[in-house]
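Just below is one structure, and these are the notes that go with it.
The values are calculated or read from the model by the stated rules, or taken from the named source; none is laboratory data. Keep in mind it's a predicted model, so treat the numbers as computed, not measured. In this analysis, Cβ positions are derived from the backbone assuming ideal geometry, glycine residues included, and neighbour counts consider all displayed protein chains.
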Amino acid sequence: MLITKLLSLFNQIGKLLTRQIANQLLSLLLIAGLILGLSACGDSANGLSGSYVEDTMAVAETLIATLSTPAEGPERATQQRATRALINSYVALYRPNNSINGLASFTTMQTALNSLAGHYASYANRPLPEALVKRVDKELHQAEISVTRGS
């Protein structure tokens with residue numbers, strides 16, 4: 001009788017340890033998956049290199065080209081999604097950087113990006129107003145000049 005009770009106790013302890021080990025293993029797998037998933041969202045999203053000057057020039061040139069394309073057409077929704085993704089990636093990469101977010105070029109760039117993103121968020125079905133296109137185009141060119149000067 002004592003032996004059966006001991007065997008039963010060891011069996012219960014084994015099941016408890018197995019559950020704890022399984023739970024810990026599952027937790028480790030979830031954490032590893034999260035880390036790998038987040039590392040895939042690194043700085044190279046949307047072709048950004050991590051070099052502020054190069055990225056600012058590339059984003060400005062891309063957006064200037066986007067502004068010059070016709071507002072009507074089947075590719076408009078795709079172009080808006082790509083533009084919003086580029087804006088989000090650029091701002092997410094450089095806004096937290098205190099040595100960059102105080103530069104005149106970044107402030108000007110952020111103003112232009114916020115204007116475009118705001119229009120796309122609020123009026124996605126409407127074309128960009130001509131006044132907004134002119135202002136954003138001017139700000140993007142100004143940001144390009146500022147970034148090449150180092151400010």
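Quick notes on this one:
- Residues in region 98-116 that are of a type in the set (A, V, I, L, M) and either under 18 Å from the mean Cα position of the chain (by Cα) or under 13 Å from ARG84 (Cα atoms) (or both): ILE100, MET109, ALA112, LEU113, LEU116.
- Residues (in a loop (DSSP other than H, G, I, E, B) and in contact (Cβ under 8 Å) with a residue 12 or more places away in the chain) located in region 98-146: ILE100, LEU103, ALA124, PRO127, LEU128
- One residue stands out in region 67-97 among those that are among the hydroxyl-bearing types (Ser, Thr, Tyr) and modelled with pLDDT of 85 or more: the one that is surrounded by the most Cβ atoms within 10 Å (Cβ to Cβ), namely TYR90.
- Among all residues of region 71-79, there is none that is under 23 Å from VAL53 (Cα atoms), hydrophobic (A, V, I, L, M, F, W, C), assigned to a loop (DSSP other than H, G, I, E, B) and over 13 Å from the mean Cα position of the chain (by Cα).
- Residue check, LEU26 at pLDDT below 50 and exposed (fewer than 10 other Cβ atoms within 10 Å of the Cβ): no
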